1. For the stretch 88-104, enumerate the residues that are modelled with pLDDT of 80 or more and closer than 16 Å to residue 6 by Cβ.
2. Step by step: first the residues of the stretch 22-39, then only those that are within 27 Å of residue 103 (Cβ to Cβ) and more than 15 Å from the chain's Cα centre (by Cα), then the one that is surrounded by the fewest Cβ atoms within 10 Å (Cβ to Cβ). Which residue is that?
3. Scan the stretch 1-17 residue by residue and report those that are crowded, with 17+ Cβ neighbours inside 10 Å and under 19 Å from residue 137 (Cα atoms).
4. For the condition exposed (fewer than 13 other Cβ atoms within 10 Å of the Cβ), free of Cβ contacts under 8 Å to residues at least 12 places away in the same chain and under 23 Å from residue 138 (Cα atoms), what is the one hit in 42, 115?
5. Answer yes or no as to whether residue 102 is in contact (Cβ under 8 Å) with a residue 12 or more places away in the chain, assigned to a loop (DSSP other than H, G, I, E, B) and touching a helix residue (DSSP H, G or I) at 6+ places or on another chain (Cβ under 9 Å).
6. Any idea which of (1) over 20 Å from residue 5 (Cβ atoms); (2) modelled with pLDDT under 80 is the one residue 139 doesn't satisfy?
7. Which numbered condition in (1) under 23 Å from residue 123 (Cα atoms); (2) free of Cβ contacts under 8 Å to residues at least 60 places away in the same chain; (3) touching a helix residue (DSSP H, G or I) at 6+ places or on another chain (Cβ under 8 Å) is the only one that residue 17 fails?
8. With respect to residue 146, determine if the residue is modelled with pLDDT under 85 and under 20 Å from residue 1 (Cα atoms).
């Protein structure tokens, strides 16, 4: 299964439409399931894959765990979840100038993280289909090692000490 998730705060019609178009052109809709937030009146509603507006947290986790591939906006929560479960992820950034978000922080995210094992970037909707095709053809290729769900205690101890003004023993 390919799991499309766009976060829970803002719609991302450009990504949803691009995935729907890819499903229609490849006949892959049965392989795709999306969590896409509730579309605004008159907004694009996918016609070629199943979707819901919102999943319960445990359902979302199960979809991520069982996915062959995750497709997402360039949100850190989605990226970290894919890395946690060692799943390849295709990310496409929301863009500030298109009023999909307040600024281009997601564009910066794809520039910083793109090319790392398991993280694949489609800069825009015209690149999404070819990137999906390539990633699926390369399945079984290099993936990032899973990351732990919680930060190492040395990091959290150092962060706590910094935030509370305590001196940190760096041994």
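1. Correct list: 89, 90, 91, 92, 93, 94.
2. Within the stretch 22-39, the first condition is being within 27 Å of residue 103 (Cβ to Cβ), and the residues that meet it are 34-39.
Then keep just the ones that are more than 15 Å from the chain's Cα centre (by Cα); that gives 38-39.
Details: 38: 10, 39: 15.
Taking the candidates together, the pick is 38.
3. 2, 3, 4
4. Details: 42 fails: under 23 Å from residue 138 (Cα atoms).
Result of the check over 42, 115: 115.
5. Values: in contact (Cβ under 8 Å) with a residue 12 or more places away in the chain: no; assigned to a loop (DSSP other than H, G, I, E, B): yes; touching a helix residue (DSSP H, G or I) at 6+ places or on another chain (Cβ under 9 Å): yes.
It is false that residue 102 is in contact (Cβ under 8 Å) with a residue 12 or more places away in the chain, assigned to a loop (DSSP other than H, G, I, E, B) and touching a helix residue (DSSP H, G or I) at 6+ places or on another chain (Cβ under 9 Å).
6. (1)
7. Failed condition: (2).
8. Values: modelled with pLDDT under 85: yes; under 20 Å from residue 1 (Cα atoms): yes.
In short, yes.
The values are calculated or read from the model by the stated rules, or taken from the named source; none is laboratory data. Small disclaimer: the values here were computed from a predicted structure and weren't measured. With ideal geometry, Cβ positions are generated from the backbone for all residues, glycine too; neighbour counts draw on all protein chains shown.
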